[in-house]
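A.B. asks: Before we start, here is the structure in question, set down as structure tokens.
Read-outs: derived from the displayed coordinates by stated rules, not from any lab. None of these values were measured; they are calculated from a predicted model. Note that we place each Cβ from the backbone using ideal geometry, even for glycine, and neighbour counts take in every protein chain shown.
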Amino acid sequence: MNNLFKKIWHSPTFTTWGNYAAKSLRLLLVTPLILTRFDTTEIAAWYLFASLNFFGETIATRLGLTFSRMFAFAMGGASNLSPIKGKRERENDGKPNWNAFERAYGTIGSLNLGIGWFNILIALGMGWFGLNNILSGYEAKGTIWLAFAFMQVSSLLVFIFQRYQIALRGMNYIALSNRWAILFSLLSILFGFITLWCGGGIVALVIVMQLFAMIGVLRNRFLLHNVEEGRVIHFKQYGFDREVFRWAWEPTWKGFIAQFGLSGSAQLTAVIYTAFGSKIEVAALLFAVRMLQTITQIAQAPFSAVQPLMSRMMAAGEMKALGRMIKKRMALVMSLMLVGVLAGALVFPFLLQLIGSNLVFIPVSAWLLLGGFTLIIRFNVLCCAVRATGNEMIYYWEMGLAAICSAVALILLGNLWGVYTPIVTSTLPLIIILNFGPARKARIVLMK
């Protein structure tokens with residue numbers, strides 16, 4: 001039992017699951033109070049807030065993935081942190097190349113600073129569009145806009161200091177980071193629950209939840225100070241290395257387009273749908289999309305938790321072992337996704353009815369349609385991730401085109417089929433355009 005506990009304690013996969021499980025407790029403690037104590041407009045605004053930072057989060061996520069892999073290359077001894085498109089020989093006997101690491105660390109610090117302010121501008125524009133539609137005829141508009149303002153100010157600080165989390169991930173301290181994240185997620189949920197239970201509104205809830213997000217920044221700085229002799233925290237925090245940026249530029253811009261195609265198809269159509277659907281339909285759709293994102297994150301853990309390790313293995317040319325690991329992890333992810341979608345069809349409508357929610361869940365047939373299409377998309381995502389392990393991006397233009405087609409289709413169709421319209425338009429173009437291409441590309445790597 002002691003050995004099993006140690007294995008779980010130091011496992012990136014299990015601690016990632018623990019982190020997601022802790023965050024998922026919001027469904028049991030915070031979400032029921034939101035759905036019963038907020039009115040329909042507040043519910044729609046609360047879930048819309050998660051979509052308004054989409055562009056900034058997409059850019060930051062892509063940069064984070066790119067640089068975490070570059071940090072992993074550096075930890076494996078590499079001096080060249082460019083994308084791996086073929087077999088690469090091990091450098092420096094596999095010992096960390098701290099000079100290359102520092103060059104990348106200063107560059108990502110400056111890039112995060114710029115992204116934070118860019119996100120504010122984009123979120124203001126999307127907020128003006130989305131919230132104006134939702135708040136039409138609503139008396140307490142000022143309260144919603146104040147909550148939005150607190151959300152964006154705190155998000156700015158989180159964006160600026162993301163380098164701490166990216167560095168920890170690149171050094172493969174995923175389990176350590178997750179253990180602390182679990183603790184702070186539980187505290188955040190507890191205080192959010194207390195806030196709502198004591199009668200706090202949407203402004204108070206935003207302040208409490210975002211306060212813990214900012215405390216998370218300090219936590220990651222503390223952890224970075226206590227690993228690898230604390231050397232990384234003393235590296236140059238801001239800088240701009242042209243060669244590092246050139247290495248990162250290709251996988252980042254390609255990855256951004258791909259991420260825009262994947263997440264944008266869902267998030268962007270959800271925002272556009274606010275102009276066509278009723279408040280009840282919009283709130284139900286946003287809630288369903290959020291629940292499916294939670295299921296996807298939990299199911300993705302077996303793959304995403306070991307990506308830094310897989311990047312190091314690819315850099316070292318350990319392709320056979322890497323192929324076996326990828327196949328096993330992909331099968332597990334797809335199985336968990338399927339179970340999550342089927343369970344959601346039974347659990348979510350029952351729970352909403354049980355708590356007397358002001359929100360009605362989307363029809364089960366609509367949920368199964370959304371979940372089924374998402375399963376197909378997720379398989380393609382995993383196939384693309386096989387090549388992305390070495391920072392090589394594939395099918396990015398196709399994914400970007402799919403997002404544009406989704407948005408145009410929704411604008412043209414409006415609310416023709418009710419909530420089914422954004423579900424079909426946000427998923428079907430991506431499935432049709434990608435087809436079996438990613439699977440063929442992944443097979444080239446897996447068969448080596």
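A.B. asks: How far is it, in nm, from the label point at Arg246 to the one at Phe222 when both lie 7 Å from their Cα along the line to the Cβ?
C.D. replies: 4.2 nm
A.B. asks: Counting only GluC sites (Glu not before Pro) that sit in a DSSP loop (anything but H, G, I, E, B) with at most 13 other Cβ atoms within 10 Å, what is the longest stretch of the chain containing none of them?
C.D. replies: 140-448
A.B. asks: Say each of Cys198 and Leu338 gets a label point 7 Å from the Cα, pointing the same way as Cα to Cβ; how far apart are those two points in nm?
C.D. replies: So the label points at Cys198 and Leu338 sit 4.7 nm apart.
A.B. asks: Give me the net charge for the shell around Val227: Cβ to Cβ below 14 angstrom, other residues only, Lys and Arg +1, Asp and Glu -1.
C.D. replies: Net of charged neighbours comes to +3.
A.B. asks: Work out from phi, with θ = phi - 60° and the Karplus expression 6.51 cos²θ - 1.76 cosθ + 1.60, the ³J(HN,Hα) of each residue of the stretch 370-385, listed in order in whole Hz, and give x for Gly and Pro.
C.D. replies: 4, x, x, 5, 5, 4, 5, 4, 5, 4, 5, 4, 5, 5, 5, 5
A.B. asks: Given the peptides 106-115, 62-71, arrange them by the average over their residues of other C-beta atoms within 10 Å, most packed first.
C.D. replies: Per-residue Cβ counts within 10 Å, averaged per peptide and sorted highest first, yield 62-71, 106-115.
A.B. asks: How big is the chain by Rg and Dmax over its Cα atoms, in Å?
C.D. replies: Expressed in Å, the Cα Rg and Dmax of the chain come to 21.6, 67.
A.B. asks: Rounded, prolate or oblate for the stretch 235-366? Axes are the square roots of the Cα gyration tensor eigenvalues, ordered a ≥ b ≥ c, and the cut-off for rounded is a/c under 1.5.
C.D. replies: Verdict is oblate for the stretch 235-366.
A.B. asks: In addition: Please provide three numbers in whole Å: the alpha-carbon extents of the stretch 55-163 along the principal axes, with the largest listed first.
C.D. replies: Principal axes ranked by extent give 66, 24, 15 Å for the Cα atoms.
A.B. asks: Sticking with this one: So how tilted is helix 40-52 from the main axis of the chain? Cα-based, degrees 0 to 90, rounded to 10.
C.D. replies: 20 degrees
A.B. asks: Calculate the spin-label point distance for Trp253 paired with Trp9, positioning each point 7 Å from the Cα along the beta-carbon direction, and give it in nanometres.
C.D. replies: Roughly 4.8 nm, to one decimal.
A.B. asks: Additional query: So how long is each side of the stretch 343-391 along the principal axes, counting just the alpha-carbon atoms, biggest first, in Å?
C.D. replies: Over the stretch 343-391, Cα extents along the principal axes are 48, 18, 16 Å.
A.B. asks: While we're looking at this one, here's another question. Which lysines does Lys328 reach when only Cα atoms under 20 Å apart count, and residues fewer than 8 places away in its own chain are ignored?
C.D. replies: Once the sequence-local lysines are set aside, what remains near Lys328 is Lys7, Lys320, Lys441, Lys448.
A.B. asks: Next question, about the same structure. Label the stretch 393-440 by shape, choosing from rounded, prolate and oblate, from the square roots a ≥ b ≥ c of the eigenvalues of the Cα gyration tensor; if a/c is under 1.5 it is rounded, and otherwise prolate applies when a/b is larger than b/c, oblate when it is not.
C.D. replies: The shape class here is prolate.
A.B. asks: Starting from the Cα gyration tensor of the stretch 15-86, multiply each eigenvalue by 5, take the square root, and state the resulting semi-axes largest first in whole Å.
C.D. replies: 39, 17, 7
A.B. asks: Using the crude model of +1 on Lys and Arg Cβ and -1 on Asp and Glu Cβ, and no other charge, please compute the dipole size for the stretch 16-446 relative to its Cα centre, in debye to 20.
C.D. replies: It comes to approximately 1200 debye.
A.B. asks: Distance between the C-alpha centers of the stretch 1-44 and the stretch 227-279? Whole Å please.
C.D. replies: When both Cα centres are located, 24 Å separates them.
A.B. asks: Still on this structure, please answer the following. So what's the back-of-envelope 222 nm ellipticity for the chain, counting only DSSP H runs of four-plus at -39500 (n - 2.57) apiece and dividing by all residues, rounded to 500?
C.D. replies: -26500 deg cm²/dmol
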